[in-house]
Each structure stands twice: as C-alpha cells, then as structure tokens.
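J.: What follows is a structure written as structure tokens; I'll ask about it next.
The values are calculated or read from the model by the stated rules, or taken from the named source; none is laboratory data. Keep in mind the model is a prediction, meaning the values are calculated, not measured. Positions of Cβ are backbone-derived with ideal geometry, glycine not excepted, and every protein chain shown enters the neighbour counts. Keep in mind that these areas ignore ligands, DNA and RNA; they rest on the heavy atoms of the full protein, side chains included. Shrake-Rupley method; radii C 1.70, N 1.55, O 1.52, S 1.80 Å.
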Amino acid sequence: MKYRSVFDIIGPVMIGPSSSHTAGAARIGRIARKLFNDCPDRVEVTLYGSFAQTYRGHGTDVALAAGLLGFDASDPRLPDALTIAAGQRMAVSFNADTETQVEHPNMARLHLTKGDNVLDLVGASIGGGKIEITEVDGFSISLSGSNPALLVLHRDKYGAVAEVAGLIAKYEMNISYMEVARHEKGHVAMMVIQTDEEIGEGLATEISALPNMLNVAVLS
Amino acid sequence: MFRTVEELVGLAQDRNLPVSEVMIQTEIETTGKSYADIFSRMADNLDVMEKAVQRGIHEEIRSHSGLTGGDARLLQKYLSSGRSLSGDVLLDAVSKAMATNEVNAAMGTICATPTAGSAGVVPGTLFGLVRKLQPSQEQMVRYLFTAGAFGFVIANNASISGAAGGCQAEVGSATGMAAAAAVELAGGTPSQSAHAMAIALGNMLGLICDPVAGLVEVPCVKRNAIGASTAIVAADMALAGIQSKIPCDEVIDAMHQVGRMMPAAFRETAQGGLANTPTGKKLKDKIFGQAARSSVLDNR
C-alpha cells in the first residue's frame, strides 16, 4: 500500500499552493540535501511531466530550492528560497524537459555538486505531498521518505549486509523494508533500509565505523 | 487494517465503533504510537485548518498572481445580509472552503486534505457545520479521522493526484471524504458515511484538472467551494436514508479508471479545459509574459 498513515491523507501541514508540486518538491530537495550531507555549490535540476509544464505556477522551483537548503515543506522561509539560496552561493538551475516520457507525471532529476562531491538523484511526487526516490547515483531504489530510513553506500563484500543488520538488531529496531542495489558484482552497492523506529545518530555513527562502509545517510 | 470501504464499514459494525475510532486504532497498530500522540497530532492539524479559515474570512488575502483572493470575505458579507438563496450552513461552508484555498494560493500555511489544491473542502464543510451542530473539539478531531479513513482507501486504491487522475481525484476525493465525515459528525452510521461518499464522489466523476496558467487558483478555489456544498448535500441525502446504487468501492474503482483514460491535457498540465480558453491563455501570458505583475492586479 502506497499510503500507510492517516497523516498522509490529513496532512502535511505545508506552505501552499500545491502538495505534489510544492510540498512534494520540497521533500525531494530535502532528501537530496540530507544524502549529500553538505551545502552544494551547484544543483542542476531537470523537470519532467507536469513538473516541466507547470513548475513556475506551482513554485516547484522555489520548493526544490527550499528543500535543498534543508527547509521542510511547512517552513515559512519557503517562498523566499531562491533568494536565500543565492545568498548562500548555492547556484540552482532548472531545465524543463517536456519531451522525455516518464513513468510518473511529476518527476525531477537533481544533480548536486561541491568539489569532488557529486550526487545524482531522481524523485517523483506521487500526490498529497508523498514522494518516492527512484534513483540515487544510478542505483534503482524505492524510497518513500515517509518512514525512517538508512541509505548505506558500501563495498560489495560478503558480510556487509549482515553486519549492518546486526547493529540494527542491537539497537532493538525492526526493519520494515530492505533492498540492496548494485551495478556490478564486487564493486559498490547501496543498501536501503527502512525501519519502524526513528534512527539515532549513534546507530549511524556505528555503521559508518564498520569495514566496507563508504557513506551512511539517515532519513528521519 | 482495512483496504476497502467495505472492510472499513465492516470493522466499525463488528466492533460497534465509529469509523473515526477504527482509523485511530489502525494508526496505533501500524505506527506503534500512542492514542494521545496520534490524537494530539490531528488536533494540531485542526488548529492549522482553523487559522487558515480565519485568515481567509478576515484578512485581505491576495495571491502573487492576483488571480484569487477576497471571495471568501465577499461571501461572508453577502451571508450577513440575510439574502442567501442556498442557506446559511451551506454558504458558510462554501465561504470557509474558499478561505482555505485563497490562503493556499497566497503561499500561506494550510493542511493538505488530501492535497493542497483540495485543502478547502474538508475544513470548509466542518467549520460550516459548527454553528448548527455545536461539536466538541474531540468530535471535530474525530471528523478528520473519519475523513482520513475514507481518503486512505481512495489513495491506496485509486489516486489523490490531479496529475494522475484529474480534479475528480483531488476535489472529488475531498468531497467524498467530507461527506462521509459530516455523516458521522451528525450522528449517522458508518454505512451511511459510505453511501454519502459514494453519492458525492459519483457526482464528481470525470472532473478534469485544468489550472489556468498552471496555478492552483482558477478554477481550484471555486471547485473546492462547490465541493463543500456537494459534501453537505450528499451527507443530508445519506442521513435521509438514500443509498448509492453503486457500492462506494466500485465508485472509487470507476474514478480510478476514468483517471487512467483521461488525456494528459486534463491532468494538471494546464493544456486543456479552462486553462486552454482564450481568456485562460491571456491570463497566463499576462502573468508569465512581459506584462508586470501589477498590471494583472489592476485588471481584476
């Protein structure tokens, strides 16, 4: 089931005007910022489908910038996000691709850079402010962002998954959903782990310290 | 856990509980959070809704484009003249639905129910019924859980996205949710709630999403307004004992099917319907063309 909580239907509390084009866009931007774990110098955004057609009217660009600044969808600073981003020297550019046929009517690809640090992410806004992250750095994943989640980039070595799962068990937490995506055997892989409980900093730090871990991001 | 309206009504009848209570207990089961936490979070949402309504009917609201704002106040003024044709309850609800969407269009704070574009129907209907039914705060919070329960079924079996299913999926869903919740607020049964939703949503089938200039303003604000009136009328019909011949779940499936067959021009792309009329296109050019924003305001 796509929607699990009554607060997906009655909620979120947000700045208007559109849950899919404003709140959903802010959430996609915010997840990108959290996974990037730094303030990017440059973000290139490509908009698809209805996002591409109507982004100016809905403030989709403003909302994505707000998310990239780390604001949530109810942050009163949201309407001024483009100005604030410019003030923080975060250059955000928008490109509307009305040609490419996409799976979901509201999709955006975000390419974040700062020096050597690069993140490429694809998100879809599926209605009522709910989103789905469908791709991170070329890994096809499925992440709703409505449950607490861990994204772990790691070397594709035996035991890596078991050690992470073991640590989660140590914290007496339950995994509600998990997937592992990779391009090639033996190289780099990505674990997506959703949990029932909130994920604390302690767990994230312990996972980072495990062998073979390259990057750990927490979504709460 | 329930997947369909039939299961939802069945659970309520078997346990002899209102739909709102089934929703709260389901939320406790799926999230592990406490009754008090869940209830107070919904009470916070109610506060946000009430503030948006109050802003819309008392303050001078204008969207950035200048397309919307001020109509909720016009309606309140007209209401106080005592000349209303459709009656005080209905028109008050309509005005309060508009108030919410006017605040939304002006980038104010609202609570999506189920979306921002359709955020006016559920609170508009509720606050329109307050004077007549005099509900307690608990009953008002419960109204939102009931609306949420029915919306939950629609969202999981069809869609609440205008880009996916047109306006029937947004204002249509909101109208069905509000109708069902109004029935419980007025003391009706879970089965009557289901009939009210089926009657309301059935009446909205085929409604396209055609925002002028791509903005959540024209015709969204007025569609929410009339959605609230439809919700109250559908609730009254169900409370009178009128049944929908087509079961609620089948109406939801029909809405989903209609949405899938709907051309992209009618699904929030601003390429069809009112957005594609000569005046709709002119307004778009004015807002996003060379003309300054102030000229749009002047021409209102």
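J.: How about region B:47-87: which of its residues are assigned to a helix (DSSP H, G or I) and within 21 Å of A:Gly57 (Cβ to Cβ)?
T.: Scanning region B:47-87 gives B:Ala52, B:Gly56, B:Asp71.
J.: Condition first: within 7 Å of another protein chain (Cβ to nearest Cβ) and open to solvent by 10 Å² or more (accessible area, probe 1.4 Å). Now tell me which residues in region B:138-157 satisfy that.
T.: B:Asn156
J.: Which one is least open to solvent (accessible area, probe 1.4 Å) among residues in region A:153-172 that are touching an Asp or Glu at 6+ places or on another chain (Cβ under 9 Å) and outside any loop (DSSP other than H, G, I, E, B)?
T.: Applying the filter and picking the extreme gives A:Leu167.
J.: In this structure, is B:Asn101 touching a residue at least 40 places away in the same chain (Cβ under 8 Å), within 9 Å of chain A (Cβ to nearest Cβ), part of a helix (DSSP H, G or I) and farther than 27 Å from B:Glu250 by Cβ?
T.: Here the answer is yes, as B:Asn101 does meet what is asked.
J.: Let me ask something else. Which numbered condition trips up B:Ala213, out of (1) buried (at least 24 other Cβ atoms within 10 Å of the Cβ); (2) facing another protein chain (nearest Cβ under 8 Å); (3) assigned to a helix (DSSP H, G or I)?
T.: Here B:Ala213 clears every test but (1).
J.: Now a separate question. Check whether at least one residue in region A:195-206 is without any contact (Cβ under 8 Å) to a residue 12 or more places away in the chain and away from every other protein chain (no Cβ under 14 Å), and report yes or no.
T.: For region A:195-206, residues without any contact (Cβ under 8 Å) to a residue 12 or more places away in the chain and away from every other protein chain (no Cβ under 14 Å): present.
J.: Check region B:49-56 and report whether any residue there is surrounded by 24 or more Cβ atoms within 10 Å (Cβ to Cβ), without any contact (Cβ under 8 Å) to a residue 12 or more places away in the chain and within 15 Å of the chain's Cα centre (by Cα).
T.: no
J.: When the residues of region A:173-204 are narrowed to those that are more than 20 Å from A:Gly145 (Cα to Cα) and not aliphatic (A, V, I, L, M), which ends up most open to solvent (accessible area, probe 1.4 Å)?
T.: So, considering only residues that are more than 20 Å from A:Gly145 (Cα to Cα) and not aliphatic (A, V, I, L, M), the one most open to solvent (accessible area, probe 1.4 Å) is A:Lys185.
J.: Using beta carbons and a limit of 6 Å, which pairs, at least six apart or on different chains, have the first residue in region A:35-64 and on the phi > 0 side of the Ramachandran plot and the second one part of a loop (DSSP other than H, G, I, E, B)?
T.: Going by the 6 Å Cβ cut-off, the qualifying pairs are A:Gly49/A:Val102; A:Gly49/A:Pro105.
J.: Counting only residues that are out of contact with any strand residue (DSSP E or B) (no Cβ under 6 Å at 6 or more places or on another chain), open to solvent by 20 Å² or more (accessible area, probe 1.4 Å) and among the charged types (D, E, K, R), give me the strands (runs of 3 or more DSSP E) lying completely in region A:38-141 with at least 1 of them.
T.: Those strands (runs of 3 or more DSSP E) span A:106-114.
J.: Take A:Val43 and decide whether it is farther than 29 Å from B:Ala43 by Cβ and more than 14 Å from chain B (Cβ to nearest Cβ).
T.: Here the answer is yes, as A:Val43 does meet what is asked.
J.: Go over the candidates A:Ala63, A:Ala91, A:Ala86 one by one and state the one that is out of contact with any Pro (no Cβ under 8 Å at 6 or more places or on another chain), modelled with pLDDT of 95 or more and within 20 Å of B:Cys111 (Cα to Cα).
T.: Selected residue: A:Ala63, the only one of A:Ala63, A:Ala91, A:Ala86 that is out of contact with any Pro (no Cβ under 8 Å at 6 or more places or on another chain), modelled with pLDDT of 95 or more and within 20 Å of B:Cys111 (Cα to Cα).
J.: Moving on. Within region B:168-184, is even one residue open to solvent by 10 Å² or more (accessible area, probe 1.4 Å), of a type in the set (A, V, I, L, M, F, W, C) and out of contact with any His (no Cβ under 6 Å at 6 or more places or on another chain)?
T.: no
J.: Would you confirm, using the coordinates I've provided, whether B:Glu217 is acidic (Asp, Glu) and closer than 30 Å to B:Gly272 by Cα?
T.: Against the criterion (acidic (Asp, Glu) and closer than 30 Å to B:Gly272 by Cα), B:Glu217 qualifies.
J.: Looking at B:Ile252, B:Ile199, B:Ile160 in this structure, which one is within 14 Å of chain A (Cβ to nearest Cβ), part of a helix (DSSP H, G or I), crowded, with 23+ Cβ neighbours inside 10 Å and aliphatic (A, V, I, L, M)?
T.: The match here is B:Ile252.
J.: Return a yes/no flag: does region B:231-241 have any residue that is away from chain A (no Cβ under 14 Å), on the phi > 0 side of the Ramachandran plot and not aromatic (Phe, Trp, Tyr).
T.: yes
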